[in-house]
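A short worksheet on the structure shown next.
The values are calculated or read from the model by the stated rules, or taken from the named source; none is laboratory data. If you're wondering where the values come from, they're calculated on a predicted model, not measured in any experiment. Here the Cβ positions follow ideal geometry from the backbone for every residue, glycine too, while neighbour counts run over all protein chains shown. Heads up: the accessible areas ignore ligands, DNA and RNA and are worked out on the full protein's heavy atoms, side chains in. Shrake-Rupley method; radii C 1.70, N 1.55, O 1.52, S 1.80 Å.
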Amino acid sequence: MAELEIARSTDMPILKYGLQPAILVAVLAVWYFNADFPAIYVVILVGVQLLLGILEHWLPARQTWMQPAREKLIILAIVVVGVVVSVMVVALYADIVAGPLAEFRQAVHLDIWPSGLPLLVQVFMVFFLGEFIWYWIHRAEHRWQFVWRMSGHGAHHSFKHLGAINFGANHPMESFVLVLPAAIVELIFGVGIAAAGAAVFSATQASIAHTNLNLNSKWIGWLFTTNHYHIRHHSVVLEESNTNYGCSAILWDRVFGTFVDSPIVEAGIGPTEPNLWEKFLMPLREPVDSEIAPS
Ligand SMILES: [Zn+2]
């Protein structure tokens, strides 16, 4: 089978080489100068999605992956549910463990976070720490059937057509693990506002990682995931899917030997895409033609 073909007409150098760095710099700048304004998080995420969504419609790297309006609306509904559940989970974690752990940190004088460093340096420290934790959680999801099922991670892999919006197309159950890295870093180190900057940066990177655009992977792909690398993780072939676990950073895949750079033929969990109900039931029942679930 031929690899997933990227349309030649989308080979525009300014977008190919400039879009990802430009979005990342812009997002960090907008956040940095408006970090105290709560709505800025929604503004940034919606802005990134709109920009990538419009470009995907105008210059889709793979014509066959263009998501019709109905498909996009269903994914949007899944994303909204996921975001609402994630916000509730964050509040739950904060309620249950934030207080006792803050007291514990104070009791043992665990005050090692370098809060005197420039804020953007702290943001990148939190980002790579969180991505380190996520790398191992994500790898565990693909290694053990129990973790795969309980997190509903298969639902995220079940889509045959990827676009930027798929960054949030997760089973509601997955919210419990998706917020874990940021929660663990915050609870151990008490990093404060830098955690919010890292979360925005991470969500932006994850959006770019799923986008159906013709983007470059050189240079930027040493540290950060690109869509070329992450789409390989969405391959329907088990050995290809079990690589490139980083959804925002690729650094840890390079360090721990799971980084692979090669194109794929098809995305999804098997020959067919499960319907919405089957996706929802994935923690209980794997679709019959699923090929990438751990056994
Ligand atoms: Zn995965």
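Does His157 qualify as being in contact (Cβ under 8 Å) with a residue 12 or more places away in the chain, within 14 Å of the ligand (Cβ to nearest atom) and within 13 Å of the chain's Cα centre (by Cα)? For His157, the condition - in contact (Cβ under 8 Å) with a residue 12 or more places away in the chain, within 14 Å of the ligand (Cβ to nearest atom) and within 13 Å of the chain's Cα centre (by Cα) - is met. Here is the figure for region 214-228: residues that are open to solvent by 10 Å² or more (accessible area, probe 1.4 Å) and either within 16 Å of the ligand (Cβ to nearest atom) or under 19 Å from Leu52 (Cα atoms) (or both) total 7. Residue selection: Val147 satisfies the criterion of being in a helix (DSSP H, G or I), at pLDDT 95 or above and either open to solvent by 60 Å² or more (accessible area, probe 1.4 Å) or over 30 Å from Leu28 (Cβ atoms) (or both). Across region 128-140, the number of residues qualifying as closer than 18 Å to Ser86 by Cα and touching a helix residue (DSSP H, G or I) at 6+ places or on another chain (Cβ under 7 Å) comes to 5.
Annotation note: of Ser202, Ser248, the sole residue that is away from the ligand (no atom under 15 Å from the Cβ) and polar (S, T, N, Q) is Ser202.
Taking Ala107, is it more than 12 Å from the ligand (Cβ to nearest atom), surrounded by fewer than 16 Cβ atoms within 10 Å (Cβ to Cβ) and among the small types (Gly, Ala, Ser)?
yes
Is it true that Leu101 is of a type in the set (A, V, I, L, M), farther than 16 Å from Tyr245 by Cα, in contact with a Leu (Cβ under 6 Å, 6 or more places away or on another chain) and not in a loop (DSSP other than H, G, I, E, B)? Taking the combined requirement at face value, the residue satisfies it.
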